[in-house]
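A short write-up of the structure that comes next.
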Amino acid sequence: MVVLVRVSSAFTATRDPSLPSPRFPSSSQTLAFKFSRAYSLKRQLQPQFRSSIVASNSSGLSPSRPRAMAASVREALPPALTSTSAPPNLFDGTTRLYISYTCPYAQRVWITRNCKGLQEKIQLFPIDLQDRPAWYKEKVYPPNKVPALEHNNEVRGESLDLMKYIDSNFEGPSLLPDDSAKREFAEDLLTYAGTFYETIVSSFKEDVNVIKAGTAFDYIETALSKFDGPFFLGQFSLVDIAYAPFVERFQPFLMDVKNHDITAGRPRLAAWIEEMNKIDAYKQTCHDPKELVDRYKKRFLARL
Ligand SMILES: N[C@@H](CCC(=O)N[C@@H](CS)C(=O)NCC(=O)O)C(=O)O
């Protein structure tokens with residue numbers, strides 16, 4: 001089945017040059033969502049869909065890998081909105097997720113939305129952060145950052161909060177287990193995500209060694225052993241989503257710049273990356289590693 005959604009002609013967006021590939025026919029300004037029969041069936045069978053986050057062996061996948069979700073959904077991405085783009089019809093009941101295609105925090109929420117199969121319910125509104133529309137700060141989200149979610153006449157921000165908000169307030173498979181020990185561990189790991197980022201980024205300034213970054217990667221290697229993997233809580237969850245965009249960037253950057261393989265001596269991290277790369281809801285948000293490395297070089301090495 002193919003659903004075509006026409007974007008208001010008020011949009012005068014240009015394509016974000018950072019988009020991994022031109023997947024959107026900007027001339028027609030049409031979003032095309034393709035839903036496979038499997039996905040439609042899953043949605044009809046909502047209770048089963050909710051509980052079937054664990055893949056069956058018959059699928060040939062790891063038992064704890066999320067199946068279906070958005071694996072069967074292919075989405076054409078809209079171009080980023082710029083300073084010349086007209087605002088959308090704000091607070092008209094549409095649920096909008098404002099992101100930047102290059103922002104790892106926004107990517108977390110985008111993955112969450114994809115994993116829950118909410119491509120129809122939550123529309124992506126990419127913002128060009130280098131050429132931001134003034135109305136974004138004035139009318140949508142005064143902190144002027146992405147991600148932000150417009151839902152029920154309110155706009156919320158902060159990626160970790162938004163991931164949880166979407167998980168609890170929308171349909172789709174639950175991305176946090178009920179088990180209290182796992183929930184507690186999830187909170188610890190979500191809290192650590194900030195330290196993880198800071199520790200690794202601060203190691204970029206070190207000349208040759210990556211000892212400081214190593215402590216952060218060792219932390220997550222140990223965390224991955226707590227439950228029967230390959231994911232942090234055993235089964236796929238918000239925790240995996242919170243870390244994935246950052247590991248996606250750190251791995252090729254540290255390899256390129258410091259010739260450091262973050263998976264060497266860390267078999268669980270290697271297995272986790274491999275499993276993450278099988279998840280289509282995540283893969284659809286991923287970038288060309290070379291682009292990521294180039295962006296990080298400009299951002300972090302230029303200042304050293
Ligand atoms: N703590 C925020 C961080 C969001 C953030 O820093 N977003 C960046 C893009 S990656 C941004 O919007 N920067 C624009 C600016 O700071 O002006 C979250 O987790 O959502």
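Answer yes or no: is there a residue in segment 222-232 that is of a type in the set (A, V, I, L, M, F, W, C), crowded, with 19+ Cβ neighbours inside 10 Å, assigned by TED's automatic domain parsing to the domain that holds I127 and at pLDDT 95 or above. No: segment 222-232 contains no residue that is of a type in the set (A, V, I, L, M, F, W, C), crowded, with 19+ Cβ neighbours inside 10 Å, assigned by TED's automatic domain parsing to the domain that holds I127 and at pLDDT 95 or above. Taking every residue in segment 141-160 that is touching a residue at least 12 places away in the same chain (Cβ under 8 Å) and assigned by TED's automatic domain parsing to the domain that holds L81 and pairing it with any residue that is more than 13 Å from the ligand (Cβ to nearest atom) and part of a loop (DSSP other than H, G, I, E, B), at least 6 positions away or on another chain, the pairs with Cβ-Cβ distances below 8 Å are E150/L90; E150/F91; E150/T94; N153/F91.
Listed here are the residues, each with its yes/no results for (1) surrounded by fewer than 17 Cβ atoms within 10 Å (Cβ to Cβ); (2) under 22 Å from C115 (Cβ atoms).
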position	(1), (2)
K212	yes, no
A244	no, yes
F253	no, no
L269	no, yes
H287	no, yes
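Of the residues making up segment 76-88, at least one is more than 16 Å from the ligand (Cβ to nearest atom), over 20 Å from Y243 (Cα atoms), among the polar types (S, T, N, Q) and at pLDDT 95 or above. What's the number of the condition Q251 fails, among (1) without any contact (Cβ under 8 Å) to a residue 12 or more places away in the chain; (2) of a type outside the set (D, E, K, R); (3) in contact with a helix residue (DSSP H, G or I) (Cβ under 8 Å, 6 or more places away or on another chain)? All conditions are met except number (1).
Cβ-Cβ distances below 7 Å connect the following pairs, each with a first residue in segment 111-135 that is closer than 16 Å to E171 by Cβ, a second residue that is part of a loop (DSSP other than H, G, I, E, B) and modelled with pLDDT under 95, and a separation of six or more residues or different chains: N114/A70; C115/M69; C115/A70; G117/M69; G117/A70; Q119/A70. Residues satisfying the criterion are present in segment 198-206 (criterion: buried (at least 21 other Cβ atoms within 10 Å of the Cβ), within 16 Å of the ligand (Cβ to nearest atom) and on the phi < 0 side of the Ramachandran plot). Condition test on K116, is it more than 12 Å from the ligand (Cβ to nearest atom) and surrounded by fewer than 20 Cβ atoms within 10 Å (Cβ to Cβ)? Taking the combined requirement at face value, the residue does not satisfy it. Where helices (runs of 4 or more DSSP H) fall wholly inside segment 192-279, the ranges with 3 or more residues that are over 22 Å from the mean Cα position of the chain (by Cα) are 211-223, 238-258.
The values are calculated or read from the model by the stated rules, or taken from the named source; none is laboratory data. If you're wondering where the values come from, they're calculated on a predicted model, not measured in any experiment. Backbone-built Cβ (ideal geometry, glycine too); neighbour counts: all protein chains shown.
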